[in-house]
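The values are calculated or read from the model by the stated rules, or taken from the named source; none is laboratory data. Please read these numbers as outputs of a predicted model, since none were measured by experiment. Glycine also receives a Cβ, built like all others from the backbone with ideal geometry; neighbour counts cover every protein chain displayed. To get the accessible areas, we keep the full protein, side chains included, count just its heavy atoms, and leave off ligands, DNA and RNA. Shrake-Rupley method; radii C 1.70, N 1.55, O 1.52, S 1.80 Å.
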Amino acid sequence: MTQLSRRSFLKGTGATAGALAVTSIVPMSAQAKTQGSGVLTAGRMGPMYATVKDGMIVETKSALPQTVPNSLQLTGPDQVHTKARVKYPMVRKGYLANPANPEGVRGKDEYVRVSWDEAYKLIHEQHSRIRSTYGAESVFAGAYGWRSSGVLHKAQTLLQRYMSMAGGYSGHLGDYSTGAAQVIMPHVVGSIEVYEQQTTHPVVLEHSDVVVLWGMNPMNTLKIAWSSNDGSGLEFFHQLKKSGKTVIAIDPMRSETIEFFGENAQWIAPHPMTDVALMLGIAYSLQADGKHDKAFLDKYTIGYDKFEAYLLGKSDGIAKTPEWAAAITGVPAKQIELLADIFSKGRTMLMAGWGIQRQQYGEQRHWMLVTLASMLGQIGLPGGGFGLSYHYSNGGNPARDAGVLPAISASIGGGSSAGNDWAVSGALNSFPVARIVEALENPGVNYQHNGHELTFPDIKMIWWAGGAPFTHHQDTNRLINAWQKPELVVISEPYWTAAAKHADIVLPITTSFERNDLTMTGDYSNQHLVPMKKVVEPQFESRDDFTVFADMSEMLRPGGKDVFTEGKDEMEWLKGFYDEAQKAARSARIRMPKFNKFWADNELIEMKFNKKNAEFVRHAAFRTDPVMNPLGTPSGKIEIYSRTIEGFGYKDCPAHPTWLAPDEWTGSAKDGELQLMTAHAAHRLHSQFNYAKIREEYAITNREPISINTEDAAARGIKTGDLVRAYNNRGQVLVGALVTDGIKKGSVCIHEGAWPDLDAQTGICKNGGPNVLTSDIPTSRLANGCAANSSLVKIEKYEGPVLALTAFDPPVNG
Ligand SMILES: Nc1nc2c(c(=O)[nH]1)N[C@H]1C(S)=C(S)[C@@H](COP(=O)(O)OP(=O)(O)OC[C@H]3O[C@@H](n4cnc5c(=O)[nH]c(N)nc54)[C@H](O)[C@@H]3O)O[C@H]1N2
Ligand SMILES: Nc1nc2c(c(=O)[nH]1)N[C@H]1C(S)=C(S)[C@@H](COP(=O)(O)OP(=O)(O)OC[C@H]3O[C@@H](n4cnc5c(=O)[nH]c(N)nc54)[C@H](O)[C@@H]3O)O[C@H]1N2
Ligand SMILES: [Mo]
């Protein structure tokens, strides 16, 4: 592990202090339009050119110039042509035999090929029966997940559009990504922060002296964006590396980002889940040395006094000294003091990722981070404060003056001849997304959420389109049991995912390469408008989600299809969206060609750079005048103590940031238990592309890798390349050992997203799906967020029988 020394810090700080001006305010990413040839299309990973030979995609590559390569952009051919594709509509044998009272068990049955018409009829009849018997709330259409990019082919939205027409459905609240942060942050700073524009890249490069990457791996996570990647985030971190600034990465793992920074960053490795203690230790040191900004705390925050009483141990008898923090975090007290010193010396930007809040009591992480930033007093200054979206969707790339595309919505927008008065839109009952298993297990039961008492629906039917619940949800074996409860499960998928293999009816869906669409890039920047062109014809019998739900709408009642489509086909929808973007562009004085020309040109449109946006500093207005520009909190200030949260009375979310020892963490590990981290993978988007050729670059002994600290491995006689069994009382998985000094002793990591592939005999997951091991608990009753990174496991060298990997094989007949 890199030793943190004062000298190495000073070296960095000295080089940057005041003098640095590596950029004037210019757009970061290249301005050349596009490069290369082929069909221009796009995915989450950015605009790409696709090359076709004999009706097959043979290559995809970036359509934007780039310094840092993005491995995900190479996966196009595999996405379309993998053996894992669903070819035909398929029905589980025991379901087909008796749909109203099925035989067999989901996940253990065979599949039978049916025609599209048969599949439609079967779904329609059973959906109608379930809906009329149990009511609209019994139909779950929340269907969370990272469906492909595009403003028309939006799987879940189209599902919900159809379900709205059918009379409504149950849905979900929030997401897996930021479940805790997006609920706590509005109480603290009045906005969710996680999906908001950051102080821009140029401002950080010009003004920050110290940049802290707190539990954040941007060189992985910036390979994608929700709309489509504009490429600027990876380029920013490339620039930051070259800037000579002091960069400190706090992560139990030497992530790809820390490797990328090499000598240009300092690595601090706390035990997982202990960040609040580490921040408290730093806060104590600031306070003890009088380095906290009292004027800022007085003017811009409330409740610091109550927090201070806790920090100093006046309220609970425990002073949160650096020594106290060292014992919990495994970071030496001297280094904690040094961090306080460095943070308070120059202009410091505390950037944080989200893995740290995908943990039990995850709400405390970013609350404490904001508290620490408040003590440093730089919130609202150029290059200072905190930022929760620098690792995501190119946060910090200045917003362009742009013609922004609208998108299809879950409610019918008019334009139909059949009338839409019977189209009800919006979910009737929504529960926090990561509580799906709790909901299935507890129909009709009340629960607490962010100060409200809510009731779980009684789910009898699930239709999932555009997500991968069997890889994304925690405690797979508990999920499999709960998943048996509904009377019908339909999965719309391009691939035979584990969820598809646990469905009654599976519908083959096109990939984005097999249909036309449009997207913006950058999420915050809206830097480009990109045609997502059809590259090849739909494979096998696959159909677009749009077609499927339009057809299903016609079955709801004659004329339903016209209501659903508003009488427009794919290209008419796209032209409509484009025309609206063009109208908006015109008022911003941006010229966009007519749609037909744009489509024929095979080029993206780069939106106009805006100098003022490039100078954006988050919370600057609040800092300048907190009375005229109050935050959206009850006090209008940063709430270090929240009376609202106090009023909820939740034991698992106290009224100021607090260190709460988790149920399963390094401090409670016994008998050789290790803490399991499940970070996001470099060469996947969650479970997507797990089947792709690029897997050969990371798989170990043809299994998902597990990173194990050298000493932990030696103690168990494990070497790199060994097959390892990781297990706990929730399940067991087979993984390939990667022995390394690049992970904190006492912790292991299996990246999220490996497709569950449970051996029928032993139940062991042959593909190393980490959620087989994770516990399915909420972050707290405040946010009910996903807390996947909260589990202990044991590991041993695997000595059992050879088990063939079957994760990517279609079922027999499939
Ligand atoms: N242990 C652990 N678990 C985690 C996490 C973690 O950190 N640790 N992270 C969590 C987070 S942050 C997230 S966001 C979730 C991600 O969970 P998901 O978003 O569910 O994961 P993806 O693998 O991206 O699933 C997208 C699915 O949609 C399918 N798909 C793609 N395009 C289309 C389309 O056009 N139509 C249809 N019908 N289907 C399509 C893909 O084939 C894929 O199966 O995982 C969560 N789970
Ligand atoms: N390539 C790629 N990019 C992605 C995704 C993907 O699957 N693949 N997923 C996208 C999505 S939906 C999301 S939500 C984001 C996820 O973004 P994040 O949630 O920020 O990503 P993670 O990989 O879960 O965590 C980031 C870092 O936190 C570290 N970490 C884990 N536990 C701790 C801890 O207790 N303390 C500290 N200090 N650090 C810890 C991990 O080792 C990792 O390096 O990424 C997005 N980008
Ligand atoms: Mo996410």
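General remarks:
- Residue 543 accessible area, assembled protein chains, probe 1.4 Å, Å²: 70
- Listed residues 209, 601 arranged by accessible area, highest first, probe 1.4 Å: 601, 209
- Residue ranking by accessible heavy-atom surface, 1.4 Å probe, largest first, among 137, 606 comes out as 137, 606.
- Neighbours of residue 648 by Cβ distance under 12 Å: Lys/Arg scored +1, Asp/Glu scored -1, total -1.
- Under 5 Å, built H, 5+ apart or other chain: amide partners of residue 700: 736
- Note on the stretch 666-797: with neighbouring protein chains present and a 1.4 Å probe, carbon and sulfur make up 49 percent of its accessible heavy-atom surface.
- Annotation: amide H of residue 246 within the under-5 Å range of 211, sequence separation 5 or more or interchain, hydrogens built in the peptide plane.
- The simple Förster model, with R0 at 35 Å and r as the Cβ-Cβ distance, assigns residue 113 and residue 697 a FRET efficiency of 0.50.
- Straight-distance crosslink candidates among lysines, where the alpha carbon sits under 22 Å from residue 744 and sequence neighbours closer than 8 are dropped: 334, 670, 719, 794, 797
- Modelled label positions at residue 256 and residue 453, each set 7 Å beyond Cα in the direction of Cβ, lie 4.7 nm from each other.
- Geometric extent, Cα atoms of the stretch 666-797 - Rg, Dmax (angstrom): 14.2, 43
- Compared with the dominant Cα axis of the chain, that is its longest principal axis, helix 6-16 is turned about 80°.
- If the Kirkwood radius is taken over C-alpha pairs of the chain, then at 37 °C and 0.692 mPa s the Stokes-Einstein diffusion coefficient equals 120 µm²/s.
- Cut-off 14 Å (backbone N to label point 7 Å along Cα→Cβ of residue 643), residues of the stretch 302-317: 302-304
- Rg(Cα)/(2.2 N^0.38 Å) for the stretch 251-302, N = residue count: 1.55
- Entries in 108/766; 154/533; 83/561; 87/575 that, when Cα-Cα distance is taken, lie over 22 Å: 83/561; 87/575
- CD proxy at 222 nm, helix term only [per DSSP H run n ≥ 4: -39500 (n - 2.57); per residue of the chain; nearest 500]: -8000 deg cm²/dmol
- Taking all protein chains as they are arranged and a probe of 1.4 Å, the heavy atoms of residue 573 leave approximately 20 Å² accessible to solvent.
- Cβ-placed point charges (K, R +1; D, E -1), dipole of the stretch 666-797 about Cα centre in debye, nearest 20: 80
- Dipole of the chain, positive end: most advanced residue of 393, 459, 584 [Cβ charges, Cα centre]: 584
- Cα-centre dipole for the chain with unit charges at Cβ (Lys and Arg positive, Asp and Glu negative), debye to 20: 1240
- In sequence order, calculated HN-Hα J values of the stretch 457-472 (Karplus, 6.51, -1.76, 1.60; Hz; x Gly/Pro): x, 9, 7, 10, 9, 10, 10, 10, 10, x, x, 10, x, 6, 9, 7
- When each of the peptides 376-382, 253-259, 52-58, 527-533 is scored by how many other beta carbons lie within 10 Å of its residues on average, the order from highest to lowest is 527-533, 376-382, 253-259, 52-58.
- Taking every protein chain into account, the 1.4 Å probe leaves residue 78 with about 40 Å² of accessible area, to the nearest ten.
- Largest first, the residues 371, 762 sort by 1.4 Å accessible area into 762, 371.
- Along the axis of the charge dipole computed for the chain (Cβ charges of +1 for Lys and Arg, -1 for Asp and Glu, origin at the Cα centre), the listed residues 429, 628, 55 are led at the positive end by 628.
- Modelled label positions at residue 132 and residue 319, each set 7 Å beyond Cα in the direction of Cβ, lie 7.4 nm from each other.
- Percent of beta bridges antiparallel (DSSP, the stretch 468-541, rounded to nearest 5): 50
- Each residue of the stretch 670-676 was assigned a 3J(HN,Hα) from its phi angle through the Karplus expression (A = 6.51, B = -1.76, C = 1.60, θ = phi - 60°), giving 9, 6, x, 5, 10, 7, 9 Hz with x at Gly and Pro.
- Amide H contacts under 5 Å for residue 493: 507, 509, restricted to partners 5 or more places along the chain or on a different chain, H placed in the peptide plane at 1.01 Å from N.
- Centre separation in Å (Cα based) which lies between the stretch 319-398 and the stretch 722-747: 29
- Principal-axis analysis of the Cα atoms of the chain puts helix 333-345 at an angle of about 90° to the longest axis.
- Centre-to-centre separation between the Cα atoms of the stretch 751-814 and those of the stretch 595-674: 31 Å.
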